[in-house]
1. Calculate the spin-label point distance for Asn151 paired with Thr26, positioning each point 7 Å from the Cα along the beta-carbon direction, and give it in nanometres.
2. Where does the chain land on the Kirkwood hydrodynamic radius, alpha-carbon pairs, in angstrom?
3. Give me Rg over Rh for the stretch 91-168, both radii from the alpha carbons and Rh done the Kirkwood way, two decimal places.
4. DSSP loop chymotrypsin sites (Phe, Trp or Tyr not before Pro) in the stretch 29-68 with at most 14 other Cβ atoms within 10 Å of their Cβ, which ones?
5. Can you show me the helix-derived [θ] at 222 nm for the chain, built from DSSP H runs with n ≥ 4 at -39,500 (n - 2.57) apiece and divided by the number of residues, rounded to the nearest 500.
6. Checking the a/c ratio against 1.5 first, then a/b against b/c, what shape does the Cα gyration tensor give for the stretch 49-109?
7. Along the Cα→Cβ direction, 7 angstrom out, place labels at Glu141 and Arg117. What is the inter-label distance in nm?
8. Could you line up Lys13, Lys155 from fewest to most neighbouring Cβ atoms inside 10 Å?
Amino acid sequence: MAASANSPSSESKVRIRPASDEDVPTLTELINAAFVVEQVVFDGNRVDDLGVRAYMSGGTFLVAEDSGGLPGCVYVETRNDRSYLGLLSVQPARQGAGLGGQLVAAAENLARESGSRAMDLRVISARGEQLLPFYQRLGYEVICTEPFPENLVAKVPAHYILMSKPLV
């Protein structure tokens, strides 16, 4: 599965492909850079190399690749006739230029090809103001909210906002 588009920050083409084991260190760095904004809610990095490998054992990372490296990624996990989208990450300097939307579209295509009829995702409420409009423009609707698991300690009051989109 490949998608390409001109990147506004360069003339290079962006290609979206499944991640490989060799991408793990770069994925870890990319995800942590993109999720640094969540440190208002949680301490520390979002993921480490072992965590990325654990995700890879249960699903697929799609990476955006261009002449500058890997400016973005998204995680897709198929769960029967539904898929889960997570860890959408775009290098901070590249955010707002459409790469996140391209990655979501590629993730949705992968989910459809896997037989999924819907895509689900979670947003942290503390980031809802920024993220809900983005996902709503892509056709996602708020379904419900749920608390964080007990082992996830937040520094401020927050919860998950669950969103879903039909893929048919």
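Every read-out reported here was derived from the displayed coordinates using simple, explicitly stated rules and does not represent laboratory data. This one's a predicted model, so the numbers in the text were calculated from it and none came from an experiment. Don't worry about glycine lacking a Cβ; one is built from the backbone with ideal geometry, like all the others, and counts go over all protein chains shown.
1. The two pseudo-label positions are separated by 3.1 nm.
2. 16.3
3. 1.01
4. Hits after loop and neighbour filter: nothing returned.
5. -8500 deg cm²/dmol
6. Since a/c reaches 1.5 but b/c is at least a/b, the shape of the stretch 49-109 is classed as oblate.
7. 1.5
8. Numbers: Lys13 14, Lys155 11.
Neighbour counts put them in this order, fewest first: Lys155, Lys13.
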